[in-house]
Amino acid sequence: MRVLIISDIHANLSALESVLEDAGEFDMLWCLGDLVGYGPDPNECVNLVRGLPNAVCILGNHDAAILGQIASESFNPEAREALDWTRNALTESSTEFLKSLPESLESFRLIEQEHAAVTLAHGSPRQPIWEYLLDSYSATSNFDFFRTPYCFVGHTHIPVIYQLVDGKDTATLIIPEANTEFNMTPRAIMNPGSVGQPRDRDPRAAYAIFHVEDELWEFRRVRYDVKSAQQRMKKIGLPDRHILRLSAGW
Ligand code: ZN
């Protein structure tokens, strides 16, 4: 069974389409939040994801801010500008879809296999909407907040694996190489990076495929038409900073 793991699409349809094309066939899709915010194609991205068979999504902080569930003041001025534009651009049906998303999913069991249960959260299992897992220290303290062998998170836009090894106090931080497979060993927190706004100085869209039976994390990168996404952002008048950063991945 192949599960496509995507996160932080941020309304970038060019990136999302390239990922779906590159990923090939999959049995399920798990989207770890932030479908919208920053990018020019919020309705297109929501419609594409919700229309895919066996798609499961959770709520991200940008999605929650658009719904008024968290204060826009907690975002920087440019992110807020994009949030305001997105709120107006979203159709009622797209907004309803975002409203239906859960904050996290626990013990999400795919098949009757010991390690097939996974926890999904946008930021972290401790604080699903807000916490950034940017280092081993914060990751380590989060292992007490989920019971499954694995937890998949997004939010930082940086692909990473935190592996908890028996006898060690701190989780090991592993940066996966693009287009390689990683043998998963319980317990671990995995982040597939961002589809629509990568921040690890690699502008290619990032995602992963979870091979359930083999317990493999296949981390992938794919080029997409950055220019066309940037042109749409410019036309709408979205902040320059968000347009620029897509070229270099920051
Ligand atoms: Zn995000």
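Readers should treat all values here as calculations from the given coordinates under stated rules, not as data from a laboratory. Only a predicted model underlies this, so the values are computations on that prediction, with no experimental measurement involved. We place every Cβ from the backbone using ideal geometry, glycine too, and count neighbours over all the protein chains shown.
Restriction of the GluC sites (Glu not before Pro) in the stretch 145-250 to DSSP coil positions whose beta-carbon has at most 14 other beta-carbons within 10 angstrom yields Glu177, Glu213. Normalised by the number of residues in the stretch 52-159, the average gap of Cα pairs under 8 Å and 6 or more apart makes the relative contact order 25 percent. Among His157, His211, His122, the largest mean-square fluctuation in a Gaussian network model of the chain (Cα springs under 10 Å) belongs to His211. Can you list the cysteines of the chain that have no other Cys Cβ under 4.7 Å away? So far as the 4.7 Å Cβ criterion goes, Cys45, Cys151 stand without a partner in the chain. Cross-link partners for Lys235 among the aspartates and glutamates, with Cα-Cα distance under 14 Å and sequence neighbours closer than 8 places in the same chain left out: Asp41. When Rg and the Kirkwood radius Rh are both evaluated on Cα atoms of the chain, their ratio Rg/Rh stands at 0.95. The alpha carbon centroids of the stretch 162-178 and the stretch 1-61 are separated by 27 Å. Across the chain, the relative contact order, built from alpha-carbon pairs under 8 Å that are at least six residues apart, equals 23 percent.
The longest part of the chain holding none of the exposed loop trypsin sites (Lys or Arg not before Pro), meaning those outside H, G, I, E and B in DSSP with at most 13 other Cβ atoms within 10 Å, is 1-146. Using the rule -39500 (n - 2.57) for each DSSP H run of four or more residues, divided by the residues of the chain, the 222 nm mean residue ellipticity is -8500 deg cm²/dmol.
Separation of the stretch 182-220 and the stretch 69-102, taken as the distance between their Cα centroids, equals 26 angstrom. For the stretch 152-250, the Cβ-based charge dipole about the Cα centre amounts to some 920 debye (Lys, Arg positive; Asp, Glu negative; other atoms uncharged).
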